[in-house]
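Here's the structure, in structure tokens; my notes come after.
The values are calculated or read from the model by the stated rules, or taken from the named source; none is laboratory data. Predicted, not measured: the structure shown is a model, and the values here were computed from it. Glycine also receives a Cβ, built like all others from the backbone with ideal geometry; neighbour counts cover every protein chain displayed.
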């Protein structure tokens, strides 16, 4: 089970009961208690729940009923979220040509894309350890793992070593993730340590493909990565707002709705 899918299931459990213990969540998701603790810390920092001694609860001031109403009106459950990402991964894989150098960003969609690139005559560059694990035994794919400091909770490599490595690379295409796409076309992220890596990936690539499902419009995040005008292809899903997609098209970019 990938990180974001597991975290979505944690949120879903809290929407039902309002609170849950680490042990209950570990048993329900069939993972270790230490894994659940790390997930809860991440979700607490992101403002998606409140960490308590031994477990977690919904954010103060929000009832179970309110959460349930929000879920039906706009949130995505784990099965829907995974389906959206799988559809985007299918569309993205069709854009990769044999012999190309491909950069795969962090996130939970890029490992799904990596899964679809097995056996291809390509070079994959990544700071995403989930991508690395997916392709590490594939002898057809030349795999380049960027150096840097390991962020264990997010399974990524960050820091000056990763940025330096990217400055020496020339890639044909980058598949970029984000945490939000604003109505004004700004592509944003909420992780300060990840943003410079993403920007270095953009600079190293001839073609920029942004992977952003409908859930990312407007999403969250205050750190501007780029603009839709800087994106060559936007891969999204059917619920993305037409007005924002038009900004990409009007700037000369392509929009693929998976």
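Below is a table of values for the structure above.
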{"item": "Residue 61 being in contact with a helix residue (DSSP H, G or I) (Cβ under 7 Å, 6 or more places away or on another chain), at pLDDT below 95 and not assigned by TED's automatic domain parsing to the domain that holds residue 154", "result": "no"}
{"item": "Residue check for residue 82: in the same structural domain as residue 239 (by TED's automatic domain parsing) and either more than 12 Å from residue 19 (Cβ to Cβ) or at pLDDT 50 or above (or both)", "result": "yes"}
{"item": "Some residue of region 64-79 being surrounded by 14 or more Cβ atoms within 10 Å (Cβ to Cβ), outside the structural domain of residue 154 (by TED's automatic domain parsing) and modelled with pLDDT of 70 or more", "result": "no"}
{"item": "Matching residues in region 135-178 - criterion: being in contact (Cβ under 8 Å) with a residue 24 or more places away in the chain and within 14 Å of residue 205 (Cα to Cα)", "result": "163, 166, 167, 169, 170, 171, 172, 173, 174, 175, 176"}
{"item": "Residue, surrounded by the fewest Cβ atoms within 10 Å (Cβ to Cβ), within region 228-237, restricted to residues that are touching a strand residue (DSSP E or B) at 6+ places or on another chain (Cβ under 6 Å) and without any contact (Cβ under 8 Å) to a residue 60 or more places away in the chain", "result": "232"}
{"item": "Options 43, 3; residue that is buried (at least 18 other Cβ atoms within 10 Å of the Cβ) and in contact with a strand residue (DSSP E or B) (Cβ under 8 Å, 6 or more places away or on another chain)", "result": "43"}
{"item": "Any hit, region 19-28, residues being at pLDDT 85 or above, surrounded by fewer than 18 Cβ atoms within 10 Å (Cβ to Cβ) and part of a strand (DSSP E or B)", "result": "yes"}
{"item": "Answer from 114, 130 - the residue that is touching a residue at least 40 places away in the same chain (Cβ under 8 Å), under 30 Å from residue 237 (Cα atoms) and not in a loop (DSSP other than H, G, I, E, B)", "result": "130"}
